[in-house]
Amino acid sequence: MAIQLFVPNFRVEECLEQVRECLEKGWTGLGFKTQQIEEEWKVYTGLPYAHFLASNTVGLHLAFHMFKTKYGWNDGDEVITTPLTFVSTNHAIMYEGLTPVFADVDESLCLDPADVERKITAKTRAVIFVGLGGNVGQYDKIRELCERHGIKLILDAAHMAGSRNHGKHVGHDADVAIFSFQAVKNMPTADSGMICFREEEDDARARKLCWLGINKDTFARTTTQGAYKWMYDVEEVGFKYHGNSIMAGLALVSLKYLDRDNAYRRQLASWYEERLEGVDQIKLVPMTKGCESSRHLFQVRIKNRDQVMMALHEHGIFPGVHYRDNTEYRMYEYGKGTCPRSAAASSEILSMPMHMGVTRADVDTICDLLIRYIA
């Protein structure tokens, strides 16, 4: 039987109950369940504000759009970012006419604060920190750096549902944190996300912008008494970025099991570490002290990564690569050569299968084959 990198673990009957309720009530869009998941997410994380969205990517764009217009950023202003991420992180910067400036990564594969500081200029407006695999890296130093230079900190927490730093859920000390509940993430739906601003006024504005700039959403109009439900205003050009109640229902089920599932992911990681620590020619990506990680990824670094991957495929094992250095893509090649550690990691990293269906025996099989085929 094949061992895939990711396999979503849906509690099918509970999910169907949530969907059935939406269908029976005739309300599948923004509404009663999107409000419920927002409230439960705030309770779970301790974050003060949360708005349920169609995806993490739309949340990233929304954050840049809102900060650009709020603070008067200009086209061409700079955002320091990582080249070792999914392209949506850096596309979101480009959507708003801002310029991604690539800073290198450290051993955790997260941003290196020393290189971030070297890349700060008079045009720097924000840093976007990606918690790769659920790790916090040197996030605390990045936050202090942003505070010292008066620049905004945006946390791309796509991998970080359930990650805690020094005992607190991540996101509380960023200007905005954006989470992903896409199908293969730790808290799976089909696709959705959550945006969590630090400031109440930003949360209020986001709710309007996510419904095309309309200042009264459809659910509020439906539940309002009186004859003037259609009397709303459109305050600015917005987007259709809000989440829907079917996805929210799936998220409510996934949230119930998030800590349990993440604990199993950490167990998988400990089994991998037990087998691979000290093995010549295999380097483990370290987890930051004080981080209780969601462990979305377990990554190793090997010199003959591509050959090993193909050999594992022959045995029905399908690892992944997170990620290809973005400066290898045509549209970001202007940054090529500026982040040598990221470039080196991009050619070596291999993400091992990490999901609820992976067993201890599977880990042993994967590790045996990995050790056999390393150069």
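Observations on the model:
- For Phe67, the conditions (1) surrounded by fewer than 18 Cβ atoms within 10 Å (Cβ to Cβ); (2) under 14 Å from Ile195 (Cβ atoms) all hold with the exception of (1).
- Checked against the criterion of being assigned to a loop (DSSP other than H, G, I, E, B), basic (Lys, Arg) and modelled with pLDDT of 95 or more, segment 267-286 has no qualifying residue.
- Residue in segment 316-329 that is over 22 Å from the mean Cα position of the chain (by Cα), of a type outside the set (A, V, I, L, M, F, W, C) and at negative phi present: no
This table checks each residue for (1) closer than 19 Å to Lys152 by Cβ; (2) in a helix (DSSP H, G or I).
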site: Gln36; (1), (2): no, yes
site: Val43; (1), (2): no, yes
site: Phe52; (1), (2): no, no
site: Val58; (1), (2): yes, yes
site: His61; (1), (2): yes, yes
site: Lys68; (1), (2): yes, yes
site: Leu84; (1), (2): no, no
site: Ile93; (1), (2): yes, yes
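- Selected residue (criterion: surrounded by the most Cβ atoms within 10 Å (Cβ to Cβ)) from residues of segment 102-145 that are in a strand (DSSP E or B) and touching a Ser or Thr at 6+ places or on another chain (Cβ under 7 Å): Leu111
- Any hit, segment 1-9, residues being over 21 Å from Ser254 (Cβ atoms) and crowded, with 20+ Cβ neighbours inside 10 Å: yes
For every residue, the table says whether it meets (1) at pLDDT 95 or above; (2) in the same structural domain as Gly162 (by TED's automatic domain parsing); (3) in contact with a helix residue (DSSP H, G or I) (Cβ under 9 Å, 6 or more places away or on another chain); (4) among the basic types (Lys, Arg).
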residue: Ile214; (1), (2), (3), (4): no, yes, yes, no
residue: Thr222; (1), (2), (3), (4): no, yes, no, no
residue: Phe239; (1), (2), (3), (4): yes, yes, yes, no
residue: Ser245; (1), (2), (3), (4): yes, yes, yes, no
residue: Gly290; (1), (2), (3), (4): no, no, yes, no
residue: Ser293; (1), (2), (3), (4): yes, no, yes, no
residue: Asn304; (1), (2), (3), (4): yes, no, yes, no
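- Of the residues making up segment 80-95, those that are crowded, with 20+ Cβ neighbours inside 10 Å and not small (Gly, Ala, Ser) are Ile80, Thr81, Thr82, Pro83, Leu84, Thr85, Thr89, Asn90, Ile93.
- The number of residues in segment 147-166 being in a loop (DSSP other than H, G, I, E, B) and in contact with a strand residue (DSSP E or B) (Cβ under 8 Å, 6 or more places away or on another chain) comes to 7.
- One residue from Arg198, Arg205 being in contact (Cβ under 8 Å) with a residue 24 or more places away in the chain, buried (at least 20 other Cβ atoms within 10 Å of the Cβ) and more than 22 Å from Leu252 (Cα to Cα): Arg205
- Counting only residues that are part of a loop (DSSP other than H, G, I, E, B), more than 24 Å from the chain's Cα centre (by Cα) and crowded, with 19+ Cβ neighbours inside 10 Å, segment 330-373 holds 0 of them.
- Every condition in (1) within 17 Å of Thr327 (Cβ to Cβ); (2) without any contact (Cβ under 8 Å) to a residue 60 or more places away in the chain; (3) not aliphatic (A, V, I, L, M) holds for Thr82 except the one numbered (2).
- For segment 73-83, the condition holds for at least one residue, the condition being that it is under 17 Å from the mean Cα position of the chain (by Cα) and farther than 28 Å from Val237 by Cβ.
- Subset of segment 291-311 [surrounded by fewer than 20 Cβ atoms within 10 Å (Cβ to Cβ), in contact with a strand residue (DSSP E or B) (Cβ under 7 Å, 6 or more places away or on another chain) and not charged (D, E, K, R)]: Met309
- Residue within segment 249-263 that is assigned to a helix (DSSP H, G or I) and aromatic (Phe, Trp, Tyr) present: no
- Qualifying position, being within 23 Å of the chain's Cα centre (by Cα) and among the aliphatic types (A, V, I, L, M), among Leu297, Leu312: Leu297
The values are calculated or read from the model by the stated rules, or taken from the named source; none is laboratory data. Note that the structure is predicted; figures quoted are calculated from it, not measured. Virtual Cβ from ideal backbone geometry, glycine too; neighbours counted across all protein chains shown.
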